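Student: Structure below; questions to follow.
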Amino acid sequence: MIKPPARQTRAIAERRRQLDIDERYGDDRFHLTFLPLGDTRDVPETAIELLHQAICAADLEPFPIELARLSGNAMQVGKGAANMCRVQQRLVRQLLALGMALPDYRLRPHLSLTYGERSNRSARFPPIAWHADRLLLIRSIHGEGRHEPVREWRLTPRQGVFDF
């Protein structure tokens, strides 16, 4: 998963309030799913080590993310979506080369603002942007509405990165 930095998390929460969207989904849970691995309670340590090897071998760099459009209950990634998909596919290729079985998943970069009743909302707003510079493996505690960190990997730029 990818989590927005603190400043962007506050901006996302404020935009959610302005859009009058249910706030029961905690700000601390804002994230973009990068590659689901299934129920992490069932992911053995060997798979986590394969993930580590793949991330290191894929030489993944930070990439920009920009949220500027609401569709339903989610902010859609506009600028940066293609980069995010390329980085994810690079990781998938490495994982498959290492023999890791992966779920059938097509990345559609978005950040959910709430769960529950579907919505037909649509809106554009000033961009909320950052460079994704880390990937997180989390355990989603179903029924409790929380994420438990398992491991984190920093993405290292090969060239300078400018802040938004």
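The values are calculated or read from the model by the stated rules, or taken from the named source; none is laboratory data. Keep in mind the model is a prediction, meaning the values are calculated, not measured. Note: ideal-geometry Cβ built from the backbone for every residue, glycine included; neighbour counts use all protein chains shown.
Student: Just one of the numbered conditions (1) surrounded by 14 or more Cβ atoms within 10 Å (Cβ to Cβ); (2) over 14 Å from the mean Cα position of the chain (by Cα) is not true of V87; which one?
Tutor: For V87, the failing item is (2).
Student: Going through region 125-151 one residue at a time, which ones are in contact (Cβ under 8 Å) with a residue 40 or more places away in the chain, assigned to a strand (DSSP E or B) and over 18 Å from R10 (Cα atoms)?
Tutor: R134, L135, L136, L137, I138, R139, S140, R146, H147, V150, R151
Student: Can you tell me which residues in region 112-124 are surrounded by 15 or more Cβ atoms within 10 Å (Cβ to Cβ), over 16 Å from E14 (Cβ atoms) and within 17 Å of the chain's Cα centre (by Cα)?
Tutor: S112
Student: Among (1) surrounded by 12 or more Cβ atoms within 10 Å (Cβ to Cβ); (2) over 25 Å from Q159 (Cβ atoms), which single condition is P109 missing?
Tutor: Here P109 clears every test but (2).
Student: Right, next: Condition (residue is of a type outside the set (K, R) and touching a helix residue (DSSP H, G or I) at 6+ places or on another chain (Cβ under 7 Å)) applied to region 78-90: is it met by at least one residue?
Tutor: Within region 78-90, none of the residues are of a type outside the set (K, R) and touching a helix residue (DSSP H, G or I) at 6+ places or on another chain (Cβ under 7 Å).
For (1) of a type in the set (D, E); (2) closer than 22 Å to S119 by Cα; (3) modelled with pLDDT of 90 or more, each residue gets a yes or a no:
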residue	(1), (2), (3)
P62	no, no, yes
G72	no, yes, yes
M75	no, yes, yes
G78	no, yes, yes
N83	no, no, yes
L91	no, no, yes
M100	no, no, no
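Student: A follow-up question, please. Being under 17 Å from the mean Cα position of the chain (by Cα), among the charged types (D, E, K, R) and assigned to a helix (DSSP H, G or I) is the filter here, so list the residues in region 6-60 that pass it.
Tutor: If the condition is that a residue be under 17 Å from the mean Cα position of the chain (by Cα), among the charged types (D, E, K, R) and assigned to a helix (DSSP H, G or I), then R7, R10, D27, D28, R29 are the ones that fit.
Student: Also, I was wondering about something else. Does region 54-69 hold any residues that are buried (at least 17 other Cβ atoms within 10 Å of the Cβ) and either touching a helix residue (DSSP H, G or I) at 6+ places or on another chain (Cβ under 8 Å) or under 20 Å from L102 (Cα atoms) (or both), and which are they?
Tutor: Scanning region 54-69 gives A54, I55, A58, L60, E61, F63, P64, I65, L67.
Student: Under the condition of being in contact with a Phe, Trp or Tyr (Cβ under 9 Å, 6 or more places away or on another chain) and among the basic types (K, R), which residue from region 1-53 is surrounded by the most Cβ atoms within 10 Å (Cβ to Cβ)?
Tutor: That would be K3.
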